[in-house]
Every structure is written in C-alpha cells, then in structure tokens.
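This report refers to the structure that appears directly beneath it.
All of the numbers you see were taken from the coordinates with simple rules; none came from a lab. The shown structure was predicted, so the numbers you read here are calculated from the model rather than taken from an experiment. Glycine also receives a Cβ, built like all others from the backbone with ideal geometry; neighbour counts cover every protein chain displayed.
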Amino acid sequence: MMKKWFTAVLVGLVLISGGAGVGYAFSTYEKPSIKLADGTTFSGGVIRIDPSKGVYLHTNDTHHSRGIKAVSIDSRTGGIRVTRDTMDAIVSVSADPDESLSARNITTGISGGGVTTIVFFYQNGRQLNLNDKTDYAKIASSTSNFWISWISEPR
C-alpha cells in the first residue's frame, strides 16, 4: 500500500511539474534583464505594431525579450511606452526600426530610459501620433517591428 501511495505521489509531482513547465513555456521567451557582476544591466526585445492585435512584445523561439515588463501606446504623447523591470542609470538606449518600417521612411526617437522609455515615430521628419488611426496605419503591419535595447548601471 505504501509503495502504491508513494508511486502515485511521485507520478502526481511529475505531472504537476511537467504541466507547470508546459504552461510556463509560452513565457520563457520573456526573461529578466541580464545583470553582470559589476551591476551593468542589459535589457531589450522586439516590439510589434500590428493593425489588428495592437502594440505588443513580440516573442517566440527566434525573438526573445529581456527585462521588458509592459508595452503600450502612451495616451498623452502618442509614442510607444516601454516599461522595464529595473530603475538605474542609462548608459545607452536604442530603438531601431526593422526593414518593413525603414522601407516606409519611418525613424524613431527616444525619451527617457530608466523604468519608462517612450519611443516616438517619424515619417519624413513629421512626428506620428499612434493614438491617431491614420498615423497608426502608416506604421502598423503584420511584420512591423522595432528592436529596443538598453545598457544601464546602478546609480
């Protein structure tokens, strides 16, 4: 009887942990920022701007993310607000449009960098407001991405 009970518990634990692993597998592409021994931190990922799904952190087996907690269109500025998992001093931050945005003469500019970074978009020198449907349509497609990365360190 004890052996059957032990086996049942062991099988249950394996199934539970396996089930949890499968359930968690979807978010394993989203990990915390990388922190080096001296405190230098690396964060980054790919943001998709989709016509039907909206703005989101694009992750899959070939697109991973480090330290990005949230992505949205900023209601005040019309830029994309990216929230990180750490507040520290910025050494460098960049946001680079992919080939689908570059082909439409879309460029980016960045404001902030600690926990919150706002990425602004421009077409032919004119700032776009992604709260405006016409401006959003100029950027959005099923393959429109920009790559964002930060290097930071303790204050």
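Take 139-148, 53-62 and order them by the average number of nearby Cβ atoms within 10 Å per residue, most first; the result is 139-148, 53-62. The label point for Ser111 and the one for Lys53, both projected 7 Å from the Cα toward the Cβ, are 2.8 nm apart. Full extension of the chain between Asp96 and Asp132 gives 10.8 nm of extra length, using 0.36 nm per residue less the Cα-Cα distance.
Extension gain for the segment Tyr122 to Asp38, taken as residue separation times 0.36 nm less the Cα-Cα distance, is 26.6 nm to one decimal.
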